[in-house]
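Here the structure comes first, spelled out in structure tokens, and everything after it is commentary.
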Amino acid sequence: MGARTLDKGGIEVCGLSPVRQRAECARHVSLQPQGSSLFRHLTVLESVELWASFYPGPRPADEVIAMVGLDDKRRALVRTLSGGQLQRLRLALALVGDTEVVAFDEPTVGLDPLARERTWDVIRQRAGRGAVLMATQMMDEAEALCERIVILDAGRVIAEGTVGELLDGYAGQGSLSFTTPVLASPAVLQELPGVLWASARRVGETTSVRLVSADVARTRAAVLGSQSVRAERIRTAGPSLADVFLRLVGGEPADPALGETR
């Protein structure tokens with residue numbers, strides 16, 4: 001904190017300037033960077049106790065270790081931990097200081113679904129003790145955890161607000177998924193009314209299709225009325241935060257279940 005010079009404007013953390021009062025400010029903020037370096041020769045408990053010593057009022061190390069699900073690894077050396085366990089240790093290091101502000105950088109990278117849900121619960125609990133900042137590329141994570149969201153593109157703010165505020169600007173938009181026996185081309189699907197993006201994947205005798213639309217009702221009517229598309233099992237969904245993000249930055253929706261064919 002305070003390592004970079006501001007381009008313009010100002011910033012305060014807990015009433016302190018991270019530029020002029022960097023050391024004092026650091027006592028009020030803890031950070032869980034994605035690729036933080038750890039002392040591989042220490043145990044999990046020793047690592048958490050070391051980080052606790054950096055702060056004036058830390059939480060008990062054993063309490064934090066149990067909170068992140070590493071109580072059975074408290075005596076294990078850091079170098080023996082798996083990738084997911086290392087990520088949970090980094091989470092513990094961010095939490096043990098019990099500071100007014102905690103910053104998480106992609107806190108669930110490398111975690112299995114169960115560990116991810118557990119981490120979400122820990123972050124929700126921590127939000128009741130002070131301010132939480134989180135950087136994530138997972139829109140479902142932002143939607144599930146964040147009270148306020150700032151969307152950046154090339155280092156600049158392009159949108160901000162609550163989830164509801166961001167979604168309200170895209171009323172009527174959403175996605176359609178369906179299957180068809182014909183060999184549908186994304187280029188042809190893209191010509192349907194309202195379609196912003198199309199994905200199609202051929203599996204055996206069936207093509208799985210996903211369309212992102214600016215007007216779901218209009219696109220659905222066009223799909224149902226098309227003799228060439230012959231859509232079956234149509235499903236529609238309202239706009240998600242991922243749809244908003246992709247629309248704002250001009251990217252393309254990624255749907256692993258439907259593949260990469262465009």
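The values are calculated or read from the model by the stated rules, or taken from the named source; none is laboratory data. These numbers were taken from a predicted model, which means no experiment stands behind them. Glycine also receives a Cβ, built like all others from the backbone with ideal geometry; neighbour counts cover every protein chain displayed.
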For the subset of region 35-49 comprising residues that are exposed (fewer than 15 other Cβ atoms within 10 Å of the Cβ) and closer than 17 Å to Val96 by Cα, which member is modelled with the lowest pLDDT? Ser36
Taking the criterion of being among the hydrophobic types (A, V, I, L, M, F, W, C), modelled with pLDDT under 90, surrounded by fewer than 16 Cβ atoms within 10 Å (Cβ to Cβ) and not in a helix (DSSP H, G or I), would at least one residue in region 5-12 satisfy it? yes
Just checking, how many residues over region 1-14 are of a type outside the set (Asp, Glu) and within 26 Å of the chain's Cα centre (by Cα)? 8
How about region 145-169: which of its residues are surrounded by 17 or more Cβ atoms within 10 Å (Cβ to Cβ) and out of contact with any Cys (no Cβ under 8 Å at 6 or more places or on another chain)? Leu145, Cys146, Ile149, Ile151, Ala159, Leu166, Leu167
Consider Ala154 carefully, then state whether it is among the hydrophobic types (A, V, I, L, M, F, W, C) and at pLDDT below 90. yes
Anything in region 183-204 that is surrounded by 13 or more Cβ atoms within 10 Å (Cβ to Cβ), part of a loop (DSSP other than H, G, I, E, B) and out of contact with any Asp or Glu (no Cβ under 8 Å at 6 or more places or on another chain)? List them, or say none. Ala184, Ser185, Gln190, Leu192
Report those strands (runs of 3 or more DSSP E) wholly inside region 97-158 carrying at least 1 residues which are under 19 Å from Tyr55 (Cβ atoms). 101-105, 131-135
Residues satisfying the stated conditions in region 15-30, i.e. at pLDDT below 90 and within 27 Å of the chain's Cα centre (by Cα): Pro18, Cys25, Ala26, Arg27
Can you find, within region 208-236, the residue that is surrounded by the most Cβ atoms within 10 Å (Cβ to Cβ) among those that are among the polar types (S, T, N, Q) and within 30 Å of the chain's Cα centre (by Cα)? Ser213
Would you mind stating whether Leu95 is within 17 Å of Leu45 (Cβ to Cβ) and surrounded by 21 or more Cβ atoms within 10 Å (Cβ to Cβ)? yes
Has region 168-175 got at least one residue that is closer than 30 Å to Ala103 by Cα and in a loop (DSSP other than H, G, I, E, B)? yes
Could you give me the residue pairs with C-beta distances under 6 Å whose first residue belongs to region 46-75 and is farther than 17 Å from Arg126 by Cα and of a type in the set (D, E, K, R), whose second residue is in a helix (DSSP H, G or I) and at pLDDT 95 or above wherever it lies, and which are 6+ apart or on separate chains? Glu49/Ala61; Asp71/Ile65; Lys73/Val44; Arg74/Val44; Arg74/Leu45; Arg74/Ile65
Could we say that Thr179 is in a strand (DSSP E or B), more than 30 Å from Val122 (Cβ to Cβ), modelled with pLDDT under 90 and not assigned by the TED database to the domain that holds Val109 here? no
